[in-house]
Amino acid sequence: MRTESVMVTGAAGFIGSHLCERLLDEGHAVTGVDSFTDYYSPARKRRNLDALRGRAGFRFVEEDLVTADLDRLLEGAGGVFHLAAQAGVRASWGKDFKPYLDSNVFAVQRLLEAVKGRPGTRIVHASSSSVYGETAELPTGEDAAKTPRSPYGATKLAAEHLLELYRLGFGVTYRALRFFTVYGPRQRPDMAFSRFIEAGLAGEPIEVYGDGSQTRDFTYVADAVEAAVLAYRYDGPETVFNVGGGSRTALGDVIGVIAAELGVRFDVRGAPRAKGDVADTFADTSRARRELGFAPRVAIAEGIRNEIAWYRAYAAEREGRTGSP
Ligand code: NAD
Ligand code: UGA
């Protein structure tokens, strides 16, 4: 097993913080890099690092990948798990596009330029189901048409093209994992489950974009992390893998599960379908199963229970801090 030093970008983020913990458990030395962008609360990102600080083998560097000296950061690293990005599908229109371009395209090009001179350094890259856009092929295989419906998806697809260009041109080894809507403890606060759970705990209304019939292949964070670890170890010929949770659930149904778990009745406010949202996602994970030995383990009810438990603890902690009742 490869247990050398690795770099994790986006280490203070939702998936990145879980991945760092898992890599330390596996015996890797981990350099976490994050710039604490203000897409959501930097304080919350710093809190994501709490479980990592002080752990043997973990080092954290606050740097922006758009400007960082990547050659220096990569010294001694056998591989890079590249998770840093400007995430969020619906916020990627209009004047807010610039950070998507910077973090999702330019930073990837800078990383590839740094890695190309370091033979043997592997990249595991967090790509996205959003590269497919609206597709009639369900479940969707990796070779399906890529027609993103959001500027975010376009930047994630551009990053995949850059990875492939540097593989062809310079022999860079990469694995791109197309994650499908990841959820679980520490989920980003802009995402649906987070919003619904927070609203449920606070007794506030929720907003559903469209009629709630949209479906997603929701993926539990530990399963996404497992796929990343397996992809890092993989020596076979494939470069791109779908990573999904193994089933497709309608948003309306998931709202029912969250309400039942919280013991609340949601006050649901309708809102127009969001621009950039696709109707359905469903990963064909047969390639990841065959090549990586990947199998998602956490079913949606269990995963939602875990996310709610985390939110309850987080809410209690915030109340304790502010002294509010
Ligand atoms: P996140 O926003 O919680 O984490 C991303 C982290 O990257 C943040 O902490 C941010 O501060 C950091 N970052 C952004 N730009 C940076 C830069 N230029 N330099 C240094 N750090 C920077 O998001 P997440 O949900 O954990 O997503 C992680 C990765 O997985 C992203 O690449 C995202 O596109 C991808 N992804 C996520 C999902 C999902 O459902 N959460 C699904 C598909 C793909
Ligand atoms: C998620 C992540 O946020 C992206 O970073 C990632 O790239 C993408 O998955 C992916 O699979 O690649 P999304 O599927 O939009 O994007 O996930 P959520 O934010 O959890 O939204 C799920 C659905 O709930 C969407 O249809 C959205 O419109 C809806 N929603 C969200 C609401 O109806 N109300 C809300 O308050 C929030």
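The values are calculated or read from the model by the stated rules, or taken from the named source; none is laboratory data. No experiment lies behind these values; they were computed from the predicted model shown. Neighbour counts are summed over all protein chains in view; Cβ atoms, including those assigned to glycine, are modelled from backbone coordinates with ideal geometry. Only protein heavy atoms, including side chains, enter the accessible area calculation; ligands, DNA and RNA are left aside. Shrake-Rupley method; radii C 1.70, N 1.55, O 1.52, S 1.80 Å.
With contacts defined as alpha carbon pairs under 8 Å and 6 or more residues apart, what's the relative contact order of segment 168-302 in percent? 37 percent. Measuring only protein heavy atoms, the 1.4 Å probe finds Ser5 accessible over about 50 Å².
Taking a ≥ b ≥ c as the square roots of the eigenvalues of the alpha carbon gyration tensor, segment 126-267 is prolate, as a/c is not under 1.5 and a/b beats b/c. With only Cα atoms counted, segment 141-183 has Rg and Dmax values of 11.8, 36 Å. Backbone phi angles across segment 70-78, fed through the Karplus curve with coefficients 6.51, -1.76 and 1.60 (θ = phi - 60°), yield HN-Hα couplings of 6, 4, 5, 4, 7, 3, x, 8, x Hz in residue order; Gly and Pro are listed as x. Computed about the Cα centre, the dipole magnitude for the chain is approximately 260 debye when only Lys and Arg (+1) and Asp and Glu (-1) carry charge, each at its Cβ.
Each 5 Å bin from 0 upward holds the following percent of the Cα-Cα pairs of segment 1-84: 3, 16, 30, 26, 16, 7, 1, 0. Over segment 88-146, the hull volume per residue, using the convex hull of the C-alpha atoms, is 113 Å³.
If you roll a 1.4 Å probe over the chain with all protein chains in place, what percent of the accessible area is carbon or sulfur? So the carbon and sulfur contribution to the accessible surface is 50 percent. Proximity of backbone amide H atoms, modeled 1.01 Å from N, is registered between Thr135 and Asp280 at under 5 Å, excluding neighbours fewer than 5 places apart on the same chain.
Cα convex hull, segment 10-153: 134 Å³ per residue, rounded to a whole number.
In a GNM of the chain with a 10 Å cut-off on Cα contacts, which of Arg312, Arg72, Arg248 has the highest mean-square fluctuation? Of Arg312, Arg72, Arg248, the most mobile in the Gaussian network model is Arg72.
I need the shape label for segment 194-251. Rule: rounded when a/c is under 1.5, else prolate if a/b > b/c, else oblate, with a, b, c from the alpha carbon gyration tensor.
Prolate, since a/c reaches 1.5 and a/b exceeds b/c.
3J(HN,Hα) along segment 290-300, derived from phi through the Karplus expression 6.51 cos²θ - 1.76 cosθ + 1.60 where θ = phi - 60°, amounts to 6, 7, 9, x, 7, 8, x, 10, 9, 7, 4 Hz, with x in place of Gly and Pro.
Rg of the Cα atoms in segment 42-105, relative to 2.2 N^0.38 Å, amounts to 1.35. Entry comment: accessible area of the chain is 42 Å² per residue, from protein heavy atoms only and a probe of 1.4 Å. In percent, rounded to a whole number, the relative contact order of the chain is 18, using alpha-carbon pairs under 8 Å and six or more apart. The orientation-averaged shadow of the Cα convex hull for the chain, equal to a quarter of the hull surface, comes to 16.1 nm². Computed from the C-beta positions of Ala51 and Asp143 and an R0 of 30 Å, the FRET efficiency is 0.20 to the nearest 0.05. When the GluC sites (Glu not before Pro) in segment 88-159 are filtered for DSSP coil states and for at most 13 other beta-carbon atoms within 10 Å of their beta-carbon, the remaining sites are Glu134, Glu137. Relative to a virtual label point 7 Å from the Cα of Lys116 in the Cα→beta-carbon direction, which members of segment 152-189 show backbone nitrogen distances below 20 Å? The answer is 156-176. Taking label points 7 Å from Cα along the Cα-to-Cβ direction, Arg233 and Ala315 give a separation of 3.9 nm.
In terms of the ratio Rg/(2.2 N^0.38 Å) built on C-alpha atoms, what value belongs to segment 215-325?
Ratio of Cα Rg to 2.2 N^0.38 Å: 1.35.
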